[in-house]
Amino acid sequence: NRNYLKLKSELLPYTYSIARQAVDGLPIIRAMFLQQPNKYTLGKSTEYQYMYGPSLLVAPIYQETKVDKDGNDIRNGIYLPEGRWIDYFSGETFEGNTILNNYAAPLWKLPLFVKAGAIIPMANANNHVDEIKKDHRIYEVYPSGKTNFTEYDDDGVSEAYLLGKGATTLIEQQATGKQAVVTIYPTKGEFDGQLKSKSTEVRINVTARPQSV
């Protein structure tokens, strides 16, 4: 539980951004047929998995399959839409438009997949929001093709966002051959308490050590 709560706290900037999208767009938790509508997703076969925003696919364990005394189990019937998907915890990659069976899912490893090309704003692990380092921003990037993500931020305490008091930052990545370029555009908008200067950490997830940075 501690590890999952830690991850939840680190994902807060991503969660906050997709929550802003949900005001007038897609919900935070998205049924699979919203990602890829087809005969399979429109049925009940994917009812126990979902997209968390545009980049994370979650397939919770909802029944015992081959659980042992140590809590080791497997998950069957995980549907991966078209594209390439990365196991968030192991880095193993899977080609989409497929169904995974006998997927190892011990207690410590929730079936969680990241879509190739994902850009995920992160924060330092924290017990409550006051521990977040507001002068430091983190982006996890999974290079593939050309994608972008818009991070959203506001004061986090008032309803000033209803008056347009908020800020957005566009992050873009483009992978060509063995080269990946990440571009962070200037932030637009403002709100009370906004920091004008931040340090930036970019975590680029790759399958081999880069030859140069």
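A few comments on the model shown:
- Within region 106-137, the set of residues being more than 26 Å from P60 (Cβ to Cβ) and among the hydrophobic types (A, V, I, L, M, F, W, C) comprises just one member, I132.
- Residue check for R75: crowded, with 17+ Cβ neighbours inside 10 Å, charged (D, E, K, R) and under 15 Å from the mean Cα position of the chain (by Cα): no
- Conditions (1) open to solvent by less than 40 Å² (accessible area, probe 1.4 Å); (2) within 26 Å of E131 (Cα to Cα); number of the one not met by M32: (2)
- Within region 136-169, being more than 20 Å from V114 (Cβ to Cβ), assigned to a strand (DSSP E or B) and of a type in the set (A, V, I, L, M, F, W, C) holds for one residue alone: A167.
- Residues in region 109-117 include at least one that is buried (at least 18 other Cβ atoms within 10 Å of the Cβ) and on the phi > 0 side of the Ramachandran plot.
- The set of residues in region 162-171 that are open to solvent by 30 Å² or more (accessible area, probe 1.4 Å) and either in contact (Cβ under 8 Å) with a residue 40 or more places away in the chain or under 20 Å from S197 (Cα atoms) (or both) comprises K165, T168, L170.
- The set of residues from region 84-108 being in contact (Cβ under 8 Å) with a residue 40 or more places away in the chain, under 23 Å from L34 (Cα atoms) and open to solvent by 20 Å² or more (accessible area, probe 1.4 Å) comprises R84, T93.
- Those residues of region 118-150 which are open to solvent by 30 Å² or more (accessible area, probe 1.4 Å) and among the acidic types (D, E), in sequence order: D130, E131, D135
The values are calculated or read from the model by the stated rules, or taken from the named source; none is laboratory data. The shown structure was predicted, so the numbers you read here are calculated from the model rather than taken from an experiment. Every residue, glycine among them, receives a Cβ derived from its backbone with ideal geometry; neighbour counts consider all protein chains shown. With ligands, DNA and RNA removed, areas are computed over all heavy atoms of the protein, side chains included. Shrake-Rupley method; radii C 1.70, N 1.55, O 1.52, S 1.80 Å.
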